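Notes for the one structure printed next.
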Amino acid sequence: MVNMTQQGAANNNALREKAVAFWSGGKDSAMALYKAQADPGLNIVGLVSTVVAGKGKTSVHEIAETALERQAFLTGLPLRKMIVGENPANSDYEDSLLGVYRELLQEGISTVIYGDLFLQDIKTYREGLLRQAGLKPLFPLWQMDTGQYMKDFIRLGFKALVCCVNTAMISNKFLNREIDADFLDDLPKSADPAGENGEFHTFCYDGPVFSGPVPFTQGGLYSHSAEFRSGGQVITFEVGHLEIL
């Protein structure tokens, strides 16, 4: 038998907009989820992660999908994986993403949450694809001061490790560093405190969006070359990684 409290909760959920959060496994997706959970008009029903076929890792942070699954379990939200090829053509990536968007729409989901802070071109790109699919975007962190944002992240009890660095921007000595006040103090002045220009990426393993600490294993350190296309030019740079399993 359903009691009155359960019935009231079900009715309340039915009145709220269903949403999902895109989940990289890092600090920004965790903080965006935290902020969105405070919105009384939203019913967040799942997470979506992009995983590279054959590698079993996220496409940028390169976090193992088993670690993503443990994160999702401790948020209490189901995880949907968008599988893409390694270094997919932009058209192939968009086809995969629009396919996921169409599935979400068919399930009655209307809002998609992203953790972008201030890169306008990425925001505009996401908005265009979501509009094409008939979905609405939500950017809970948009235009937050990144210095204050990082202080808030630490104050709220989030914990994260640096799992990826662009060595053209910061030293690989920052790999495996805990996100804390000392880390922020040690960053070069040229670096954004939140790594919003691609200086570093993180694995978030504890904080108010989780029911407890996320178990994980730290593997080895490795590096590889990456390419960035801008204005018709191809820029090659070195990326360092900490394996998160």
Q) Residues Met1, Met31, Met82: which one is at pLDDT below 95 and either farther than 29 Å from Leu175 by Cβ or crowded, with 17+ Cβ neighbours inside 10 Å (or both)? A) Met1
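Restricting attention to the stretch 106-122, report how many residues are in a loop (DSSP other than H, G, I, E, B), closer than 25 Å to Phe210 by Cβ and of a type in the set (A, V, I, L, M). Outline the logic, then answer.
Initially, the stretch 106-122 is screened for residues in a loop (DSSP other than H, G, I, E, B), giving 107-108, 114-119.
From the residues that got through so far, the ones that are closer than 25 Å to Phe210 by Cβ too are 107, 114-117.
Filter again for of a type in the set (A, V, I, L, M), leaving 117.
Of the residues in the stretch 106-122, 1 are in a loop (DSSP other than H, G, I, E, B), closer than 25 Å to Phe210 by Cβ and of a type in the set (A, V, I, L, M).
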Q) Say we look at the stretch 129-150 and pick out the residues that are of a type in the set (Gly, Ala, Ser) and exposed (fewer than 13 other Cβ atoms within 10 Å of the Cβ); which of these is nearest to Tyr93 (Cα to Cα)? A) Gly134
Q: Just one of (1) without any contact (Cβ under 8 Å) to a residue 60 or more places away in the chain; (2) buried (at least 17 other Cβ atoms within 10 Å of the Cβ); (3) assigned to a strand (DSSP E or B) trips up His224, so point out which.
A: (2)
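Residue-by-condition table, conditions (1) outside any helix (DSSP H, G or I); (2) without any contact (Cβ under 8 Å) to a residue 24 or more places away in the chain:
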| residue | (1), (2) |
| --- | --- |
| Ala72 | no, no |
| Met82 | yes, no |
| Asp92 | no, yes |
| Ser96 | no, yes |
| Thr124 | no, yes |
| Gly128 | no, yes |
| Pro137 | yes, no |
| Pro140 | yes, no |
| Gln148 | no, yes |
Q. Regarding Ala194, is this residue part of a loop (DSSP other than H, G, I, E, B), modelled with pLDDT of 95 or more and either under 19 Å from Trp23 (Cα atoms) or over 20 Å from the mean Cα position of the chain (by Cα) (or both)?
A. yes
Q: Might you check whether a residue that is under 20 Å from the mean Cα position of the chain (by Cα), more than 19 Å from Leu42 (Cβ to Cβ) and not charged (D, E, K, R) occurs anywhere in the stretch 133-143?
A: yes
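The values are calculated or read from the model by the stated rules, or taken from the named source; none is laboratory data. Everything quoted here is computed from the prediction, not taken from an experiment. Glycine gets a Cβ as well: all are built from the backbone with ideal geometry, and neighbour counts include every protein chain shown.
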